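Note sheet for the following structure.
The values are calculated or read from the model by the stated rules, or taken from the named source; none is laboratory data. Since the model is a prediction, treat every value here as computed from it, not as a measurement. With ideal geometry, Cβ positions are generated from the backbone for all residues, glycine too; neighbour counts draw on all protein chains shown.
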């Protein structure tokens, strides 16, 4: 079978962007097929954080936290224009479900996993004499405040940056383009897709399904489809308030014990997130009034400046979808590990990515590259010089200025 590309990546969120960059930088020919736009869904609707996930220690996800902290270090060193360290503050009250010693234990483990030689991993207790540097923070019942460091980013800008890097290394982008079907043949994958109002066909050695909340829909268009593990779509909402709390990020408890971030974002305050099961079309996910009220009330619980605000004062709100393994546990307690499925462990033709963190996109890309090496190393890399490549190239021009 003549082949147009080594790999087709479906989806230009952060996972698809990372996979394309890793493959292209290793001299494989790659084409990205994206139906809406770069970072059009979950990858522009996160909490804007590059972090290890302090709260994941509660559910014993030590490997994930370690991996994310290692990736955070790399991103801080290599993308300082997009990722920066920010001080985080955790206030502990008499009513807090996590006592001061539990918070201290969690921060100690977080520091250990980050690397004790890394000064950014240090945390400390803020003495009461310095509490005035946190204006408006509720003092009644306040027992202790802890300070540690983590990182913040513009998630959409980071995703665009990674796609641009992939294109610089030779990747092609078809956007908008929709997968119609993909069929595994004897030595590759035949792909039918729609772009510019026309049905097109290309042939590739392998396909990676990085379509986020559409992962099951994309999988259903593959022949044969993969046996995906059962998972749920979980919506998370953020709100943006006309409020300035300085350059600090606060990590607080909502009334139900969930951890909520209150953080600066473009001269306002971003608050999130919630977690609720979602069963409809991913394109239609929107915040509910109950979620907006829940987040606003959480801010008002901790900051006097917010008590003058009502739901009508919310500047903006958005919802993103997480792909989480199906469990009886609440979404808050479920694993955030990336799930990678394949049609063949020895020489896969189709891979699917479910879940995954913004912070660890490079780690996921390395795993995908490793799984595909037996398939891709069977023949020399392809140098695209076909009509399919030209179609992809012309489509990519519209997204090149990123």
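Select, from 299, 271, the only residue that is in contact with a helix residue (DSSP H, G or I) (Cβ under 8 Å, 6 or more places away or on another chain), buried (at least 20 other Cβ atoms within 10 Å of the Cβ) and without any contact (Cβ under 8 Å) to a residue 40 or more places away in the chain.
Details: 299 fails: without any contact (Cβ under 8 Å) to a residue 40 or more places away in the chain.
Only one candidate passes the filter, namely 271.
Go through (1) out of contact with any helix residue (DSSP H, G or I) (no Cβ under 7 Å at 6 or more places or on another chain); (2) in a loop (DSSP other than H, G, I, E, B) for residue 12 and report which single condition fails.
Unmet for residue 12, out of (1) out of contact with any helix residue (DSSP H, G or I) (no Cβ under 7 Å at 6 or more places or on another chain); (2) in a loop (DSSP other than H, G, I, E, B): (1).
Mind listing just one residue for me: the one in the range 266-297 that is closer than 21 Å to residue 148 by Cα and at pLDDT 95 or above and, of those, farthest from the chain's Cα centre (by Cα)? Can you show your working first?
Step one: filter the range 266-297 for residues closer than 21 Å to residue 148 by Cα, giving 269-273.
Among the residues that remain, those that are also at pLDDT 95 or above are: 269-271.
On the way: 269: 20, 270: 17, 271: 17 Å.
Looking at residues that are closer than 21 Å to residue 148 by Cα and at pLDDT 95 or above, I get 269.
Can you name the residue in the range 284-296 that is in contact (Cβ under 8 Å) with a residue 40 or more places away in the chain and either crowded, with 17+ Cβ neighbours inside 10 Å or out of contact with any strand residue (DSSP E or B) (no Cβ under 8 Å at 6 or more places or on another chain) (or both) and, of all such residues, is farthest from residue 90 (Cα to Cα)?
Step one: of the range 284-296, the residues in contact (Cβ under 8 Å) with a residue 40 or more places away in the chain are 285, 287-288, 291-292, 294-296.
Right, trim to either crowded, with 17+ Cβ neighbours inside 10 Å or out of contact with any strand residue (DSSP E or B) (no Cβ under 8 Å at 6 or more places or on another chain) (or both) and you get 285, 287, 291-292, 294-296.
Values: 285: 31, 287: 26, 291: 22, 292: 22, 294: 19, 295: 17, 296: 18 Å.
Per the criteria, the residue is 285.
For the range 316-355, which positions are at pLDDT 85 or above and more than 21 Å from residue 218 (Cα to Cα)?
316, 317, 318, 319, 346
Being under 30 Å from the mean Cα position of the chain (by Cα), modelled with pLDDT under 95 and either closer than 27 Å to residue 47 by Cβ or assigned to a loop (DSSP other than H, G, I, E, B) (or both) narrows it down to one residue among 107, 113; which is it?
Details: 107 fails: modelled with pLDDT under 95.
Going through 107, 113 in turn, the sole match is 113.
Scan 216, 182 and give me the residue that is part of a helix (DSSP H, G or I), more than 30 Å from residue 314 (Cβ to Cβ) and assigned by TED's automatic domain parsing to the domain that holds residue 344. Steps first, answer last, please.
On the way: 182 fails: part of a helix (DSSP H, G or I).
After applying the criteria, what remains is 216.
Only one of (1) more than 26 Å from the chain's Cα centre (by Cα); (2) modelled with pLDDT of 95 or more fails for residue 133. Which number is that?
So residue 133 meets the others, but not (2).
Please work out if residue 180 is closer than 16 Å to residue 8 by Cα, within 20 Å of the chain's Cα centre (by Cα) and modelled with pLDDT of 95 or more. Before you say what the answer is, go through the steps one by one.
On the way: closer than 16 Å to residue 8 by Cα: yes; within 20 Å of the chain's Cα centre (by Cα): no; modelled with pLDDT of 95 or more: yes.
No, not satisfied.
Being touching a residue at least 24 places away in the same chain (Cβ under 8 Å), surrounded by 14 or more Cβ atoms within 10 Å (Cβ to Cβ) and out of contact with any helix residue (DSSP H, G or I) (no Cβ under 7 Å at 6 or more places or on another chain) is true for just one of 82, 64, 57, 76. Which residue is that? It would help to see each step written out before you state the result.
On the way: 82 fails: out of contact with any helix residue (DSSP H, G or I) (no Cβ under 7 Å at 6 or more places or on another chain); 64 fails: out of contact with any helix residue (DSSP H, G or I) (no Cβ under 7 Å at 6 or more places or on another chain); 57 fails: out of contact with any helix residue (DSSP H, G or I) (no Cβ under 7 Å at 6 or more places or on another chain).
Going through 82, 64, 57, 76 in turn, the sole match is 76.
Inspect the range 93-109 for any residue being touching a residue at least 12 places away in the same chain (Cβ under 8 Å), closer than 27 Å to residue 306 by Cβ and in contact with a helix residue (DSSP H, G or I) (Cβ under 7 Å, 6 or more places away or on another chain) and give the result as yes or no.
Yes, because at least one residue in the range 93-109 is touching a residue at least 12 places away in the same chain (Cβ under 8 Å), closer than 27 Å to residue 306 by Cβ and in contact with a helix residue (DSSP H, G or I) (Cβ under 7 Å, 6 or more places away or on another chain).
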